[in-house]
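A short worksheet on the structure shown next.
The values are calculated or read from the model by the stated rules, or taken from the named source; none is laboratory data. The structure displayed is predicted, hence computed values, not measured ones. With ideal geometry, Cβ positions are generated from the backbone for all residues, glycine too; neighbour counts draw on all protein chains shown. Accessible surface areas use protein heavy atoms only, side chains included; no ligands, DNA or RNA. Shrake-Rupley method; radii C 1.70, N 1.55, O 1.52, S 1.80 Å.
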Amino acid sequence: MQVVVVDSQVNAWDSFVQSAQGSTPYHQFKWKTIITKSFGHQCHYLGAIDNNGEWQGVLPLVHMRSTLFGNFLISVPFVNYGGLLYKNDSAAGVLLEEAERLRRSLGATHVELRHVGETLKGIPTRQHKVTMILDLASDSDVQWRTFNAKLRNQIRKAEKSGLQFVAGHLELLDGFYEVFTRNMRDLGTPVYSKSFFRNILEAFPDTTRIFAVYHETRMIAAGIGSWFKNTLEIPWASSIGDYKMLCPNNMLYWEAIRFAICNGLNRLDFGRSTPNEGTYNFKEQWGAQPVELYWQYLMDGRNVMPDLSPSNPRYQTAIRIWQRLPLPATRILGPMIVRNIP
């Protein structure tokens, strides 16, 4: 078994990812281009190949380094999933060995591997988040009947309020970004650049959509949906709080569910949540079930695992300051800060 740094064998990499059990959209090779183009980070995409030339595993790693947040490798930043993808323990072993060698050579404090549903044994692990997965019926009417009366009434309220749903692509990006930046400012979170989302949509034109809800002529809720294998995921979604009483989020997700069913998908991934907090409860009401996320670490001997999450007390003052900034300022400063927050 040998480990190679993959720069040109794109088709072989993606062929392995498509066939491997447990693969995620973020294992696809195009994410290397998206991250490099959007943020300028150096990527180390490692492949494990046996003596017969057969691929046995892959590990996409992104090197992030800044004065404020540190020097580390991560698989994969800015998204929920990544980590080791392998067919056998030998492949996993050599990929982990190479990741540790790379960590040492780059002077990085740690390697973070974002795994879903199952974990590697014997390495430090954080279990602070879950992803929420809804198994979909084969028919929208059947799916509708699985919802409780409260949820159905909220969806009907959005419809009776005259809200309109639109699914599109790059032509909706400006509207999505306006809603997204406002919501992120209100949460106290630096915002990604618009070019990051444009790069995603351009890299995957056939498997991405922007879902949007309008009140009259104004977009008031929007999300980016992408699908891989049998699952539609909405990793980025926001709404304008002034319109909360009209239930635009309920319309957004109901129409996304209908879109998934119409396109032959059988799962909706609502994305990452902290158990029993607000977004978790919103997703749970749809019938979504939690699936454990395991963030695992190769470290430099430290006993404390890294924590760059907004819940870390050391960032609370910065969050409060950010919430008071005018929107134009957050759109300028946000991308410069968030490029180093995984």
Spans of helices (runs of 4 or more DSSP H) in the range 1-118 with at least 1 residues in contact with a helix residue (DSSP H, G or I) (Cβ under 8 Å, 6 or more places away or on another chain) and open to solvent by less than 10 Å² (accessible area, probe 1.4 Å): 10-19, 30-39
Is there a residue being under 30 Å from LEU96 (Cα atoms) and touching a residue at least 12 places away in the same chain (Cβ under 8 Å) anywhere in the range 281-290? yes
Condition first: under 13 Å from ALA222 (Cβ atoms), modelled with pLDDT under 95 and surrounded by 20 or more Cβ atoms within 10 Å (Cβ to Cβ). Now tell me which residues in the range 183-203 satisfy that. MET184
Filter the range 87-96 down to residues that are over 15 Å from TYR294 (Cβ atoms) and touching a residue at least 60 places away in the same chain (Cβ under 8 Å), then give me how many there are. 5
Taking into account only those residues within the range 314-331 that are more than 20 Å from SER193 (Cα to Cα) and open to solvent by less than 90 Å² (accessible area, probe 1.4 Å), which is modelled with the lowest pLDDT? TYR315
Pick from the range 265-277, criterion open to solvent by 60 Å² or more (accessible area, probe 1.4 Å) and either assigned to a helix (DSSP H, G or I) or modelled with pLDDT of 95 or more (or both), ranking: farthest from ILE224 (Cα to Cα): ASN266
Long-range neighbours under 8 Å by Cβ, at least six apart or interchain, first residue closer than 14 Å to ALA167 by Cα and free of Cβ contacts under 8 Å to residues at least 60 places away in the same chain within the range 255-271, second outside any helix (DSSP H, G or I) and open to solvent by less than 10 Å² (accessible area, probe 1.4 Å): ALA256/PHE211; ALA256/GLY223; ALA256/GLY225; ALA256/LEU232; ALA256/ILE234; ALA256/LEU268; ASN263/LEU232
Since ASN276 meets every condition but one in (1) touching a strand residue (DSSP E or B) at 6+ places or on another chain (Cβ under 7 Å); (2) on the phi > 0 side of the Ramachandran plot, which condition does it not meet? (1)
Residues being hydroxyl-bearing (Ser, Thr, Tyr), touching a strand residue (DSSP E or B) at 6+ places or on another chain (Cβ under 8 Å) and not in a strand (DSSP E or B) - total across the range 121-167: 1
Could you check, for the range 128-137, whether at least one of its residues is more than 17 Å from the chain's Cα centre (by Cα) and buried (at least 20 other Cβ atoms within 10 Å of the Cβ)? yes
Identify the residue in the range 209-264 that is of a type in the set (Lys, Arg) and over 18 Å from the mean Cα position of the chain (by Cα) and, among all such residues, is most open to solvent (accessible area, probe 1.4 Å). LYS244
The residue from ASP206, ASP174 that alone is under 26 Å from ILE337 (Cα atoms), surrounded by fewer than 14 Cβ atoms within 10 Å (Cβ to Cβ) and at pLDDT 95 or above is ASP174
What number of residues within the range 138-168 satisfy the criterion of being open to solvent by 50 Å² or more (accessible area, probe 1.4 Å) and either among the polar types (S, T, N, Q) or in contact with a His (Cβ under 8 Å, 6 or more places away or on another chain) (or both)? 5
Quickly run through the range 168-182 and pick out the residues that are under 18 Å from MET251 (Cα atoms) and part of a helix (DSSP H, G or I). LEU172, GLY175, PHE176, VAL179, PHE180
